[in-house]
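Asker: Got a structure for you, questions after.
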Amino acid sequence: YFLSCIGEESVIATRDKSGQLQVFLNTCRHRGNAVCRTEAGNTKSFLCVYHGWTYGLNGDLIGVPGYKDLYHEDLDRSQWGLISAGKVQSYKGFVFATMDPDAPDLADYLGEVGRLGLDLVAERGELMVVDGVQKNVIDCNWKLAVDNLFDWYHVQVSHASALVSEYITPQVLPPEQEGGEPGPSPGLHGADPYAHRVVLGDYGHAISGPRMTPEMRRAMERGGDKPEPWLDERWRDEPAPREALGEVGRDTRGHPNIFPNLWITSGAQLCLRLPKGPGKTEIWWFTLVDKNLPEEERIARGRRGGLTFGPAGLLEQDDGENWDQSTRATRGVVARRYPLNFSMNLGRGAPTSPESGPRYIDAGINEHAQLWLYRAWADWMDAENWAALKQHRSPVPADPV
Ligand code: FES
Ligand code: FE
């Protein structure tokens, strides 16, 4: 089993005895105690340690102390199982659950942009999760953390010190100059400020960040069999990923967010931003590695992941500080009367509708994905239920944004 969250509620995800995926609230039906206290493990049942009610792996109530003497066998145990999720479905090994049975099926909910976001990690090969999820709490509103994953404007300033460290500098792409000689570094991940791609998706999914440019492809080719690890995008040209990513996805190298709060990094790490009230967010980091790598290399990559993001990560220490300060500094009665500025490249993003694959915008660094996040959030908050959201949500923009 694995303990996770839906909204602020603790849920248990497990397989039952028949191998079926199950997700239920981690809340005992007697007095509401948590029936599972550990983050992951194996068990045959869930025993509530308050009074001893016991639940099977399918959520059924299977044991009640005093069932004969105190409840006189009148208690209908079939009515007092754990509360099950409304839907549990998976896509390429990623399991999603919702408490609402009226929610769309996962494939429809993800749509082609959500699926592309997950393909950008799932199609890298045979992956496994490095043991252990890194968890920490940042005093910020979760939406600021999501906003930031689309933000390629802050890198040179916020991460100025990280960028000069030996650890991060190998990730900087020297652009090819005339004569094929590398020139000065333009920034993290070779972020050419004019070579960005934004893909906006139904229900609020989005991908935003650098795209593969011909220069990057050439730099990768120069590396031969061993391009710089951060630029090793050869997996994209294998037949299965080519097919899955399509024309649009193949050159999309930015950060996907599966709405609302699952970030997929370009380094095959996944991050959940779990709200704990309006001013606190618990951050969970998962690192995925190729199953077929030698163990030593897998461990090294896991460490590298932990040193990039997460509480010990060079980059996320900078980012977390910003989210914390932005949350504090906008909380005041006066500060919240004034709007924040989202005008970068506004009105200059012209969507392209390709023959196949999702609509996309190629442009300089911009804030289209951030605006889409808040637009979608407002739509969700306005809707009473799924039927209303389906009817009234904003369409993915077809005109310049
Ligand atoms: Fe779980 Fe009483 S609260 S058995
Ligand atoms: Fe950052």
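The values are calculated or read from the model by the stated rules, or taken from the named source; none is laboratory data. Quantities reported herein were computed from a predicted structural model and do not represent experimental measurements. Positions of Cβ are backbone-derived with ideal geometry, glycine not excepted, and every protein chain shown enters the neighbour counts.
Asker: Report every pair of residues separated by at least 6 positions or lying on different chains whose Cβ atoms are under 9 Å apart, first residue within segment 307-319 and among the hydroxyl-bearing types (Ser, Thr, Tyr), second at pLDDT below 90 and in a loop (DSSP other than H, G, I, E, B).
Answerer: Pairs found: Thr308/Tyr167; Thr308/Ile168; Thr308/Gly267.
Asker: State all residues of segment 191-225 that are charged (D, E, K, R) and either touching a Lys or Arg at 6+ places or on another chain (Cβ under 8 Å) or not in a loop (DSSP other than H, G, I, E, B) (or both); if no residue qualifies, say none. Explain how you work it out, then say what you get.
Answerer: The initial filter retains those residues of segment 191-225 that are charged (D, E, K, R), namely 192, 197, 202, 211, 215, 217-218, 221-222, 225.
The answer is Arg197, Asp202, Arg211, Glu215, Arg217, Arg218, Glu221, Arg222.
Asker: Residue under question is Asn322, and the condition is that it be surrounded by 13 or more Cβ atoms within 10 Å (Cβ to Cβ), more than 24 Å from Leu116 (Cβ to Cβ) and modelled with pLDDT of 95 or more; does it hold?
Answerer: Numbers: surrounded by 13 or more Cβ atoms within 10 Å (Cβ to Cβ): yes; more than 24 Å from Leu116 (Cβ to Cβ): yes; modelled with pLDDT of 95 or more: yes.
Yes; evaluated as a whole, the condition is true for this residue.
Asker: Could you pull out the residue among Val35, Val95 that is within 26 Å of Asp131 (Cβ to Cβ) and buried (at least 17 other Cβ atoms within 10 Å of the Cβ)? Steps first, please.
Answerer: Numbers: Val95 fails: buried (at least 17 other Cβ atoms within 10 Å of the Cβ).
Being within 26 Å of Asp131 (Cβ to Cβ) and buried (at least 17 other Cβ atoms within 10 Å of the Cβ) holds for just one of Val35, Val95, which is Val35.
Asker: Is at least one residue of segment 120-130 over 22 Å from Phe286 (Cβ atoms), crowded, with 19+ Cβ neighbours inside 10 Å, more than 16 Å from ligand 1 (Cβ to nearest atom) and at pLDDT 95 or above?
Answerer: Taking segment 120-130 and keeping what is over 22 Å from Phe286 (Cβ atoms), we get none.
No.
Asker: Same structure, new question: Is it the case that segment 267-289 has a residue that's over 20 Å from Asn136 (Cα atoms) and surrounded by fewer than 17 Cβ atoms within 10 Å (Cβ to Cβ)?
Answerer: Within segment 267-289, not a single residue is over 20 Å from Asn136 (Cα atoms) and surrounded by fewer than 17 Cβ atoms within 10 Å (Cβ to Cβ).
Asker: Can Ser78 be described as under 27 Å from the mean Cα position of the chain (by Cα) and more than 29 Å from Gly357 (Cβ to Cβ)?
Answerer: Values: under 27 Å from the mean Cα position of the chain (by Cα): no; more than 29 Å from Gly357 (Cβ to Cβ): yes.
No, not satisfied.
Asker: Based on what the data block shows, is Met381 farther than 28 Å from Val289 by Cα and without any contact (Cβ under 8 Å) to a residue 60 or more places away in the chain?
Answerer: Yes.
Asker: Please find, within segment 44-62, the residue that is farthest from ligand 1 (Cβ to nearest atom) out of those that are in a strand (DSSP E or B) and touching a helix residue (DSSP H, G or I) at 6+ places or on another chain (Cβ under 9 Å). Before you say what the answer is, go through the steps one by one.
Answerer: Initially, segment 44-62 is screened for residues in a strand (DSSP E or B), giving 46-47, 54-55, 61-62.
Cutting the leftovers down to touching a helix residue (DSSP H, G or I) at 6+ places or on another chain (Cβ under 9 Å) gives us 61-62.
On the way: Leu61: 10, Ile62: 13 Å.
Here the answer is Ile62.
Asker: So, one more: Please go through segment 134-149 and give me each residue that is outside any helix (DSSP H, G or I) and either within 16 Å of ligand 2 (Cβ to nearest atom) or buried (at least 20 other Cβ atoms within 10 Å of the Cβ) (or both), ordered by number. Even if it seems obvious, please write down each step before you answer.
Answerer: Narrowing segment 134-149 to residues outside any helix (DSSP H, G or I): 134-141.
Gln134, Asn136, Ile138, Cys140, Asn141 - these are the residues of segment 134-149 that are outside any helix (DSSP H, G or I) and either within 16 Å of ligand 2 (Cβ to nearest atom) or buried (at least 20 other Cβ atoms within 10 Å of the Cβ) (or both).
Asker: Given (1) over 22 Å from Gly117 (Cα atoms); (2) β-branched (Val, Ile, Thr); (3) surrounded by fewer than 17 Cβ atoms within 10 Å (Cβ to Cβ), identify the lone condition not met by Thr352.
Answerer: Looking at each condition in turn, Thr352 falls short on (1).
Asker: Inspect segment 244-260 for any residue being without any contact (Cβ under 8 Å) to a residue 24 or more places away in the chain and at negative phi and give the result as yes or no.
Answerer: Here is the first cut: in segment 244-260, the ones without any contact (Cβ under 8 Å) to a residue 24 or more places away in the chain are none.
Within segment 244-260 (the criterion being without any contact (Cβ under 8 Å) to a residue 24 or more places away in the chain and at negative phi), the answer is no, since none of the residues qualifies.
Asker: For segment 254-273, which positions are in a strand (DSSP E or B) and either polar (S, T, N, Q) or farther than 19 Å from Val198 by Cβ (or both)? Break it down into steps so the answer makes sense when it comes.
Answerer: Start the filter on segment 254-273 by keeping residues that are in a strand (DSSP E or B), which leaves 255-258, 262-264, 269-273.
Residues satisfying the conditions are Asn257, Gln269, Leu270, Cys271, Leu272, Arg273.
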